[in-house]
1. Among (1) exposed (fewer than 14 other Cβ atoms within 10 Å of the Cβ); (2) part of a loop (DSSP other than H, G, I, E, B), there is one condition H147 misses while meeting the rest; what is its number?
2. Test D217 against the stated conditions and say whether it is surrounded by fewer than 12 Cβ atoms within 10 Å (Cβ to Cβ) and modelled with pLDDT of 95 or more.
3. Restricting attention to the range 179-219, which residues are touching an Asp or Glu at 6+ places or on another chain (Cβ under 6 Å), β-branched (V, I, T) and farther than 19 Å from V132 by Cα?
4. Return the pairs, sorted by first residue and then second, in which the second residue is modelled with pLDDT of 90 or more and among the aromatic types (F, W, Y), the first residue lies in the range 198-219 and is under 16 Å from F167 (Cβ atoms), the beta carbons are less than 6 Å apart, and the residues are 6+ apart or on different chains.
5. Tell me which residues, restricted to the range 67-90, are at pLDDT below 80 and either open to solvent by less than 70 Å² (accessible area, probe 1.4 Å) or farther than 30 Å from I28 by Cβ (or both).
6. From the residues in the range 183-203 that are of a type in the set (V, I, T) and under 26 Å from the mean Cα position of the chain (by Cα), which one is least open to solvent (accessible area, probe 1.4 Å)?
7. Do you know which of the residues in the range 155-170 that are open to solvent by 20 Å² or more (accessible area, probe 1.4 Å) and either not aromatic (F, W, Y) or not in a loop (DSSP other than H, G, I, E, B) (or both) is nearest to E136 (Cα to Cα)?
8. Find the residue count for the range 187-216, including only residues that are assigned to a loop (DSSP other than H, G, I, E, B) and farther than 26 Å from G84 by Cα.
Amino acid sequence: MEIHHASHFEGSSDFGVVFVWMPLAAVIGFLVGFGLSFSTRRRGFPGYAYRQGIALLAIAGLIALGGGLTYATAVRPHVPTIDGKPLALQIELRVPANGRTIEQLRATGFDARVDEDPDDASNASPLWSQAVRTDEFITVPMWENLHSITKKRQIPAWDAHESYHYFKVAVPASPQKIDQEWSDWIVSVVRPTDNNQSQVMECHARYRVRFAADRPDEN
């Protein structure tokens, strides 16, 4: 499940284990045991030990075969590079200040990450030590190394009430150049409802492709 990046969303990979692999293992185990019971004529404990040994060898062989096929057919991600140098996204998130300080915005639980695929373990997070406040906005930078060649990158941002903003990253799957210019600002607004108590109703994002080594010191 992990090597083929099966989605964990709402237990999808668990359904695969319970309804595909476990029944398949039961069927294979039954067929192996059924075949051994008719193919061996030994009786008593020696016969029992002989059949158990063959069954264990058969299981080990099936596991080795399944593992080998799984490894051989797995799609392994390739890290995008330019001239052998790893790439990263430089990101800025901008939230209307509305009279808040940077510390007050952080206290709302405002956070973000970068998704490259459903199971991407993103290490990106807002760099609060480099946040800047003006009369209109609080701007928080982020950096995230690119881990795979994909066009499905997006930036989700949210607060403690899990009111999400999603920003699609429109860069090539494997960027061929460094962007000196920022993308346009993308604006996401959460629709106010009776049940929505979000403290971050509006969020803006922009990004550009940089070399991972250019990441500034967080201190």
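1. Condition (1) is where H147 drops out.
2. No; evaluated as a whole, the condition is false for this residue.
3. If the condition is that a residue be touching an Asp or Glu at 6+ places or on another chain (Cβ under 6 Å), β-branched (V, I, T) and farther than 19 Å from V132 by Cα, then V189, V209 are the ones that fit.
4. V200/F110; H204/W185; A205/F167; R206/W182; R206/W185; R208/W182
5. Scanning the range 67-90 gives T70, A74, P77, H78.
6. The initial filter retains those residues of the range 183-203 that are of a type in the set (V, I, T), namely 186-187, 189-190, 193, 200.
Adding the requirement that they be under 26 Å from the mean Cα position of the chain (by Cα) leaves 186-187, 189-190, 200.
Values: I186: 49, V187: 84, V189: 98, V190: 22, V200: 2 Å².
The selected residue is V200.
7. Taking the range 155-170 as the starting set, the residues that turn out to be open to solvent by 20 Å² or more (accessible area, probe 1.4 Å) are 158, 160-162, 164, 166, 168, 170.
Subsequent filtering for residues that are either not aromatic (F, W, Y) or not in a loop (DSSP other than H, G, I, E, B) (or both) retains 158, 160-162, 166, 168, 170.
Values: W158: 20, A160: 22, H161: 23, E162: 24, Y166: 22, K168: 24, A170: 27 Å.
That would be W158.
8. Summing the residues that are assigned to a loop (DSSP other than H, G, I, E, B) and farther than 26 Å from G84 by Cα in the range 187-216 gives 12.
The values are calculated or read from the model by the stated rules, or taken from the named source; none is laboratory data. Keep in mind that this is a model prediction, so the values were computed, not measured. Cβ sites come from the backbone with ideal geometry, for glycine too, and all protein chains shown count toward neighbours. Remember, those area values only see protein heavy atoms, side chains included, never the ligands or the DNA or RNA. Shrake-Rupley method; radii C 1.70, N 1.55, O 1.52, S 1.80 Å.
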